[in-house]
Amino acid sequence: MRRKIQKIIRFSEEEWSKVLSKAEAAGMKPAVFIRNIAANGQVRIYDLQKYQSLVAPIRGICSVMNQIAKVANSTGSIYEKDVAELRENTAEVRRLVDIFFTDLRYEAV
């Protein structure tokens with residue numbers, strides 16, 4: 001295929017270094033790599049504002065976990081009730097993080 005359209009683009013030294021590294025890793029010449037990324041690549045933009053609501057519960061859970069850890073470290077022991085609470089908190093943090101990443105996978109703009 002004969003390419004008739006030519007465009008000039010500018011790179012900083014740092015950007016060009018990254019392009020060269022990535023092109024080499026892909027086994028391509030820089031021009032072929034850039035053309036491939038420009039024509040077939042994807043840029044994903046995420047709106048993370050809606051996930052702010054996950055931050056407060058995770059902070060609260062982590063705070064409780066930290067308090068339990070401090071008591072355990074200072075006394076050298078931990079109550080079975082505290083261990084159960086840590087397990088529940090850990091499961092809740094995992095659940096919230098899973099929600100975040102699952103939504104993120106399907107939210108590409």
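The values are calculated or read from the model by the stated rules, or taken from the named source; none is laboratory data. Predicted model, so just to flag it, every value in this text is computed and none were measured. Cβ atoms come from the backbone with ideal geometry, glycine included; neighbour counts cover every protein chain shown. Note: areas computed on protein heavy atoms with side chains; ligands, DNA, RNA excluded. Shrake-Rupley method; radii C 1.70, N 1.55, O 1.52, S 1.80 Å.
Residues in segment 87-109 that are at pLDDT 85 or above and either in a loop (DSSP other than H, G, I, E, B) or among the hydrophobic types (A, V, I, L, M, F, W, C) (or both): Ala91 alone.
Yes/no per residue for (1) at pLDDT 90 or above; (2) open to solvent by less than 90 Å² (accessible area, probe 1.4 Å):
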position	(1), (2)
Lys4	yes, no
Ser12	yes, yes
Lys22	no, no
Asn40	no, no
Val43	no, no
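One residue stands out among those in segment 1-60 that are assigned to a loop (DSSP other than H, G, I, E, B) and closer than 30 Å to Val97 by Cα: the one that is farthest from the chain's Cα centre (by Cα), which is Gly41. In summary, Asp47 fulfils each of the numbered conditions (1) exposed (fewer than 10 other Cβ atoms within 10 Å of the Cβ); (2) free of Cβ contacts under 8 Å to residues at least 24 places away in the same chain with the single exception of condition (2).
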